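The values are calculated or read from the model by the stated rules, or taken from the named source; none is laboratory data. Keep in mind the model is a prediction, meaning the values are calculated, not measured. FYI the Cβ positions are ideal-geometry reconstructions off the backbone, even for glycines, and counts take in every protein chain you see. Calculation scope for accessible area: heavy atoms of the full protein, side chains included, ligands and nucleic acids excluded. Shrake-Rupley method; radii C 1.70, N 1.55, O 1.52, S 1.80 Å.
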Amino acid sequence: MMTDAIRQQLLAQTVAVREQAYAPYSKFLVGAALLTEDGQVVTGCNVENASFGMTICAERNAVFAAVAQGHRRFQAIALATVGGATPCGACRQVLAEFCDDLPILIVDVAQPHVVIETSLAVLLPGRFKL
Ligand code: THU
């Protein structure tokens, strides 16, 4: 179980990394913070490109960074946006590669103390499995 202190740290880091997002086209900044099984936090932000299809979401950047650092098991992911967006379908499928279920904490940076909690199993029923 996540302690309150770790939860607060995860939320603070997703809000902070959102500020690093490179989103000059959409102006929609996204922060993601993954809590690894062993209690580390790995962050990611969205990075856009003039060739729009090259854009990568914050969640996938966080997952890929975590895997590169040797982490494949996760306790939770937290996301920060204006408005409290949920992960896109592609990112849900990427998370599902590593997690049967995963708590997803959604923060709207306009009201950072209001945190909505959902989960991967709720957001991605009928996921693709090979
Ligand atoms: N974006 C994310 O980073 N995560 C999502 O789950 C949805 C969308 C980014 C991609 C793009 O840079 C911007 O938000 C607008 O779609």
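For segment 77-101, filtering for residues that are more than 14 Å from residue 10 (Cα to Cα) and either within 13 Å of the ligand (Cβ to nearest atom) or aliphatic (A, V, I, L, M) (or both) leaves 16. Among residues of segment 72-97 that are within 21 Å of residue 6 (Cα to Cα) and without any contact (Cβ under 8 Å) to a residue 60 or more places away in the chain, those with a Cβ under 9 angstrom from a residue that is near the ligand (Cβ under 10 Å from one of its atoms) and assigned to a loop (DSSP other than H, G, I, E, B), sequence gap 6+ or separate chain, pair up as 77/87; 95/87.
Can you pull out the residues in segment 13-37 that are in a loop (DSSP other than H, G, I, E, B) and either crowded, with 21+ Cβ neighbours inside 10 Å or touching a strand residue (DSSP E or B) at 6+ places or on another chain (Cβ under 9 Å) (or both)? 19, 20, 21, 23, 28, 29, 30, 37 - these are the residues of segment 13-37 that are in a loop (DSSP other than H, G, I, E, B) and either crowded, with 21+ Cβ neighbours inside 10 Å or touching a strand residue (DSSP E or B) at 6+ places or on another chain (Cβ under 9 Å) (or both).
Considering 123, 105, the condition of being open to solvent by less than 30 Å² (accessible area, probe 1.4 Å), under 25 Å from residue 4 (Cα atoms) and not acidic (Asp, Glu) is satisfied by 105 alone.
All conditions in (1) within 19 Å of residue 124 (Cα to Cα); (2) in contact with a strand residue (DSSP E or B) (Cβ under 7 Å, 6 or more places away or on another chain); (3) open to solvent by 40 Å² or more (accessible area, probe 1.4 Å); (4) not charged (D, E, K, R) hold for residue 69, with the sole exception of (1). Of all the criteria given as (1) open to solvent by 70 Å² or more (accessible area, probe 1.4 Å); (2) in contact with a strand residue (DSSP E or B) (Cβ under 6 Å, 6 or more places away or on another chain), the one not satisfied by residue 76 is (1). The C-beta contact set for segment 7-34 (first residue over 12 Å from residue 59 (Cβ atoms), second residue among the acidic types (Asp, Glu) and surrounded by 23 or more Cβ atoms within 10 Å (Cβ to Cβ), distance under 9 angstrom, 6+ apart or interchain) is empty. With the condition kept exactly as written, say whether any residue in segment 42-54 is closer than 18 Å to residue 117 by Cβ and touching a Leu at 6+ places or on another chain (Cβ under 9 Å). Scanning segment 42-54, I find no residue that is closer than 18 Å to residue 117 by Cβ and touching a Leu at 6+ places or on another chain (Cβ under 9 Å), so the answer is no.
Among the residues of segment 46-66, those that are within 15 Å of residue 26 (Cβ to Cβ) and open to solvent by less than 30 Å² (accessible area, probe 1.4 Å) comprise 46, 48, 58. Looking at segment 38-45, can you tell me whether even one residue there is loosely packed, with under 12 Cβ neighbours inside 10 Å and among the charged types (D, E, K, R)? For segment 38-45, residues loosely packed, with under 12 Cβ neighbours inside 10 Å and among the charged types (D, E, K, R): present. Screening residue 63 with (1) within 16 Å of the ligand (Cβ to nearest atom); (2) farther than 13 Å from residue 46 by Cα; (3) of a type in the set (A, V, I, L, M, F, W, C) gives one miss only, at (2).
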